[in-house]
Amino acid sequence: MSKAVILGTGSCLPKRIVTNAELEQMVETSDEWITSRTGIRSRHIAGRGEQNYQLAAKAGRRALAVTGIDPQELDLIIVATISPHMIMPSTACFVQAELGAENGFAYDINAACAGFTYGLDMANNYIRNRPEMKILLIGAETLSTRVNWQDRNTCVLFGDGAGAVVLTGTSDESGIIGSCLHSDGTLWQLLCMDSPESHNPDLRPDDWVGPHIRMNGSEIFKHAVRMMEDAVNTLLRKHGLGIADVNLMIPHQANTRILKNLRERLGLPEEKVFINLSKYGNTSAASIPIALDEAHRQGRLNRGDLILLCTFGGGLTWGSLLLRW
Ligand code: ACO
């Protein structure tokens, strides 16, 4: 049966780099606190000409360049984001216009940090039915527009950027093997972001504080480790594989302590986990495709390798996905 295979990857990070030392000037924090609790040393923050869709389109163009596929050949553009340029139209429609990909259709998905992994699963399902489809899947965020820069609990954690992959169908060994996706809407309050203020006073939540990210950090920490571990083990079992079969795990880049705990519980050696969050912080839906592109360009992905993605985010949403490179 046909399945989706990644033909090319690309990414785009804003030019401006904000270090922990710069954040020390904005909120009561320290480089020592941020580095020891999160592993983050700097993040890229978007400026003029670096709107979400512009970063997304650049990442997409770079992924397309690897494949030699023309934007006009694209059947579908999906953008996973929780910081869209506008609520309507979708960021994907802006990307379509930027790329001149007028022959396809385009829409956004919101599954928070799990958005890119959910998107891969969606692309795989389209391609199973129509293997000739060419899909551009992008994870793109400008979380700097949604962070409360007075809240030290959250503003030190996030960054901006975009990563993209181009997918089509294959019937050979490579491609997406399977996924294990979950969500639990009853736990939404652990990590959330309000909408812009409602124009209907009757529908304004009593505890509305503005469209900022809010988080219960310690609860998120515990759930993230347990749920990702479970999603990985369930998926490996389903496909008759063990953790030793995995060549490289590319996890959602949230926090080095979460990833260390997860790695130890799974029994994966350090060199089999790709981590780049010290440079970029948590870029939500963009974190896995940025890491995937970096791993690819560093020569860490070899033909036939078993690659494991795992992710966790607001919703709650979480999951894992296996692919053969
Ligand atoms: N600088 C200095 N102090 C801070 C900062 C900061 N930036 N942020 C919080 N603090 C303070 C708090 O105010 C609190 O002070 P208090 O004890 O006087 O009230 C104290 O530090 C909290 O300390 P701890 O609870 O021990 O902090 P903890 O070790 O839990 O680390 C952290 C907090 C980093 C948020 C941790 O809970 C965590 O990593 N959680 C996961 C959150 C995450 O990664 N979210 C990303 C989104 S979800 C995802 O992508 C998976």
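When its C-alpha radius of gyration is set against 2.2 N^0.38 Å (N residues), segment 14-172 gives a value of 1.15.
Cβ crowding within 10 Å ranks PHE312, PHE94, PHE221, PHE116 as PHE221, PHE94, PHE312, PHE116, fewest other Cβ atoms first.
Which FRET efficiency value, to the nearest 0.05, is calculated for ARG128 and GLU271 with the Förster distance at 45 angstrom and r the Cβ-Cβ distance?
0.85
Multiplying each eigenvalue of the alpha-carbon gyration tensor of segment 52-100 by 5 and taking the square root yields semi-axes of 19, 11, 8 Å, largest first, rounded to whole angstroms. Only helical runs count toward this figure. For the chain, summing -39,500 (n - 2.57) over DSSP H runs of n ≥ 4 and dividing by all residues gives -9500 deg cm²/dmol at 222 nm.
Between THR145 and ILE17, the FRET efficiency from the beta-carbon distance, with R0 = 25 Å, is close to 0.90. Taking a spot 7 Å from the Cα of MET26 along the direction of its beta carbon, which residues of segment 145-166 have an amide N less than 19 Å from it? Under 19 Å, as judged by backbone N against the label point of MET26, lie 145-162 of segment 145-166.
The Cα-based radius of gyration of segment 228-308, divided by its Kirkwood radius, gives an Rg/Rh of 0.94.
Among LEU241, LEU191, LEU292, the largest mean-square fluctuation in a Gaussian network model of the chain, built with springs joining Cα atoms closer than 10 Å, belongs to LEU241. Along segment 42-50 the Karplus relation, 6.51 cos²θ - 1.76 cosθ + 1.60 evaluated at θ = phi - 60°, assigns HN-Hα couplings of 7, 8, 8, 10, 6, x, 4, x, 10 Hz to successive residues, with x for each Gly and Pro. Rounded to the nearest 20 debye, the dipole magnitude of the chain is 700 debye, with +1 charges on Lys and Arg beta carbons, -1 on Asp and Glu beta carbons, and the Cα centre as origin. Distance between the C-alpha centres of segment 131-157 and segment 8-28: 13 Å, rounded to the whole angstrom.
Remark: GLU132, GLU22 ranked as GLU132, GLU22, counting other beta-carbon atoms within 10 Å and listing the fewest first. For segment 1-39, trypsin sites (Lys or Arg not before Pro) are listed when DSSP marks them as loop and at most 12 other Cβ atoms sit within 10 Å of their Cβ; the list is LYS15. Between GLU102 and ARG257, the simple label model (points 7 Å from Cα in the Cβ direction) yields a spacing of 5.3 nm. Spin-label model, ASP305/HIS182: points 7 Å from Cα along the beta carbon direction are separated by 2.7 nm.
Which of LYS222/LYS272; LYS58/LYS279; LYS58/LYS222; LYS58/LYS134; LYS15/LYS272; LYS3/LYS134 have a Cα-Cα distance over 24 Å?
LYS58/LYS222; LYS15/LYS272, as the Cα separations exceed 24 Å there.
The modelled label-to-label distance between LYS238 and THR35, using points 7 Å beyond Cα along the C-beta direction, is 4.1 nm.
All of the numbers you see were taken from the coordinates with simple rules; none came from a lab. None of the values given here were measured: they were computed from a predicted structure. All Cβ positions, even for glycine, are placed from backbone atoms using ideal geometry, and neighbour counts span all protein chains on display.
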